[in-house]
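Student: Pasting a structure below so you can have a look.
The values are calculated or read from the model by the stated rules, or taken from the named source; none is laboratory data. These numbers were taken from a predicted model, which means no experiment stands behind them. Reconstructed Cβ throughout: ideal geometry from the backbone, glycine too, with neighbour counts over all protein chains shown.
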Amino acid sequence: MTPQNILNADLHCHSVVSDGTMSPEALAERAKANGVELWALTDHDEIGGQHRAAAAARAHGMHYLTGTEISVTFAGETVHIVGLGFDPDDAAMQQGLRNTRGGREQRAMEMSDSLAKAGIRGAYEGALKFVGNPDLISRTHFARFLVETGVCRETSEVFRKYLTEGKPGYVPHRWASLQDAVAWITSAKGVAVIAHPGRYKFTPNEEYALFTEFKSHGGQAVEVVTGSHSTQEYVKYAETAIEFGLAASRGSDFHSPDESHTDLGTLPFLPGHLTPVWELLEDRIR
Ligand code: AMP
Ligand code: MN
Ligand code: MN
Ligand code: MN
């Protein structure tokens, strides 16, 4: 495959293996129909869908990179690190992700207790109905339950009123360290990518520290064009990519046809002066 910027790559989305609503196979079909040429499924803290996604991509004649999105705690905030092109059978990576997922069950029960105090009962059981992978109960599943029961009209409203810092249902959680997440990915021959940097509530100093430490641990790329960024943020993080010598990634962060504003494969291309992350991963593309 010729490495280039004008490529419909979508290297960030979620299936029922984490908090998406579609199967890996259905996502592959949707990506193909939307013109995606290079695809990665990046479930949260989980690579259990990778072999299915790769097989489905192959069946559609679509190029594929393995993917995941690792939850990390940095400077007291949750940061997401996408991994691309790693060996999905790498034992250290599998164990690290298993440990990261480990706290979710307990956290979910505490979230449910917290929501009960705000008058919303049965949230744990309610959220479980939406869970595709028992190892991966997430805030998104609670959000779907609160929409189903009519507490909120849509999931974004749930996050605004519940489940975020200072709101009922929010339970702080300690995820993986930045250093460990980058090490799992790079040791498994993948490339680590800072996901949607525009979403974090960091001061300029904290953001500088994130990029500096990420680089020092061996991180190589940043999402520039993502469904989570405004057009101004494409420009801002294109400059950040150049400043820190990082390659650039592109991905919709698609979760569900009913919830996601950005569909698979529909974002603008990467700015032409950036090095696309897939150029670093030529020999990992399947
Ligand atoms: P968790 O890993 O359980 O903390 O859940 C994080 C997930 O919640 C993210 O990956 C998003 O899918 C979803 N999420 C977080 N904030 C929002 C928001 N403001 N609106 C919609 N979904 C959100
Ligand atoms: Mn998600
Ligand atoms: Mn994310
Ligand atoms: Mn995501």
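Student: I'm trying to understand the selection: among the residues of segment 165-223, which are touching a residue at least 40 places away in the same chain (Cβ under 8 Å), within 16 Å of ligand 4 (Cβ to nearest atom) and not charged (D, E, K, R)?
Tutor: Across segment 165-223, the qualifying residues are Trp175, Ala176, Ala181, Ile185, Ala192, Val193, Ile194, Ala195, His196, Pro197, Tyr200, Ala221.
Student: Counting only residues that are more than 20 Å from Gly61 (Cβ to Cβ) and of a type in the set (Ser, Thr, Tyr), which one in segment 16-35 is surrounded by the most Cβ atoms within 10 Å (Cβ to Cβ)?
Tutor: Residues of segment 16-35 more than 20 Å from Gly61 (Cβ to Cβ): 16-21.
Next cut, of a type in the set (Ser, Thr, Tyr) only: 18, 21.
Numbers: Ser18: 27, Thr21: 19.
Filtering segment 16-35 for residues that are more than 20 Å from Gly61 (Cβ to Cβ) and of a type in the set (Ser, Thr, Tyr), the one surrounded by the most Cβ atoms within 10 Å (Cβ to Cβ) comes out as Ser18.
Student: Do we find a residue being in contact with a His (Cβ under 9 Å, 6 or more places away or on another chain), more than 30 Å from Ser249 (Cα to Cα) and basic (Lys, Arg) anywhere in segment 80-101?
Tutor: no
Student: Given segment 1-106, what helices (runs of 4 or more DSSP H) lie entirely inside it while holding 2 or more residues that are within 16 Å of ligand 2 (Cβ to nearest atom) and on the phi < 0 side of the Ramachandran plot? Break it down stepwise before answering.
Tutor: On the way: elements: 24-33, 50-59, 91-101.
Once the helices (runs of 4 or more DSSP H) in segment 1-106 are filtered for at least 2 residues that are within 16 Å of ligand 2 (Cβ to nearest atom) and on the phi < 0 side of the Ramachandran plot, what remains is 24-33, 91-101.
Student: Next question, about the same structure. Among the residues of segment 226-248, is any in contact (Cβ under 8 Å) with a residue 40 or more places away in the chain, among the acidic types (Asp, Glu) and within 16 Å of ligand 3 (Cβ to nearest atom)?
Tutor: No: segment 226-248 contains no residue that is in contact (Cβ under 8 Å) with a residue 40 or more places away in the chain, among the acidic types (Asp, Glu) and within 16 Å of ligand 3 (Cβ to nearest atom).
Student: Specify which of the listed residues (Ala91, Ala116, Ala123) is farther than 12 Å from Ala176 by Cα and in contact with a helix residue (DSSP H, G or I) (Cβ under 6 Å, 6 or more places away or on another chain). Quick ask: steps written out before the conclusion?
Tutor: On the way: Ala91 fails: in contact with a helix residue (DSSP H, G or I) (Cβ under 6 Å, 6 or more places away or on another chain); Ala116 fails: in contact with a helix residue (DSSP H, G or I) (Cβ under 6 Å, 6 or more places away or on another chain).
One residue alone meets the criteria, Ala123.
Okay, residues lined up against (1) within 30 Å of Val131 (Cα to Cα); (2) modelled with pLDDT of 95 or more; (3) in contact with a Ser or Thr (Cβ under 8 Å, 6 or more places away or on another chain):
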site: Val193; (1), (2), (3): yes, yes, yes
site: Phe214; (1), (2), (3): no, yes, no
site: Glu223; (1), (2), (3): yes, yes, yes
site: Ser228; (1), (2), (3): yes, yes, no
site: Glu239; (1), (2), (3): no, yes, no
site: Glu243; (1), (2), (3): no, yes, no
site: Ser256; (1), (2), (3): yes, yes, yes
site: Val277; (1), (2), (3): no, yes, yes
site: Arg284; (1), (2), (3): no, yes, yes
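Student: Please give the number of the condition Gln50 fails out of (1) within 16 Å of ligand 4 (Cβ to nearest atom); (2) within 24 Å of Gln220 (Cα to Cα); (3) in contact (Cβ under 8 Å) with a residue 60 or more places away in the chain.
Tutor: (3)
Student: Tally the residues that are touching a helix residue (DSSP H, G or I) at 6+ places or on another chain (Cβ under 8 Å) and more than 16 Å from ligand 1 (Cβ to nearest atom), restricting the search to segment 184-201.
Tutor: Summing the residues that are touching a helix residue (DSSP H, G or I) at 6+ places or on another chain (Cβ under 8 Å) and more than 16 Å from ligand 1 (Cβ to nearest atom) in segment 184-201 gives 8.
Student: Considering only segment 118-159, state which residues are surrounded by fewer than 17 Cβ atoms within 10 Å (Cβ to Cβ) and under 14 Å from Asp258 (Cβ atoms).
Tutor: Listed by number, the residues that qualify are Glu148, Arg153, Glu154, Ser156, Glu157.
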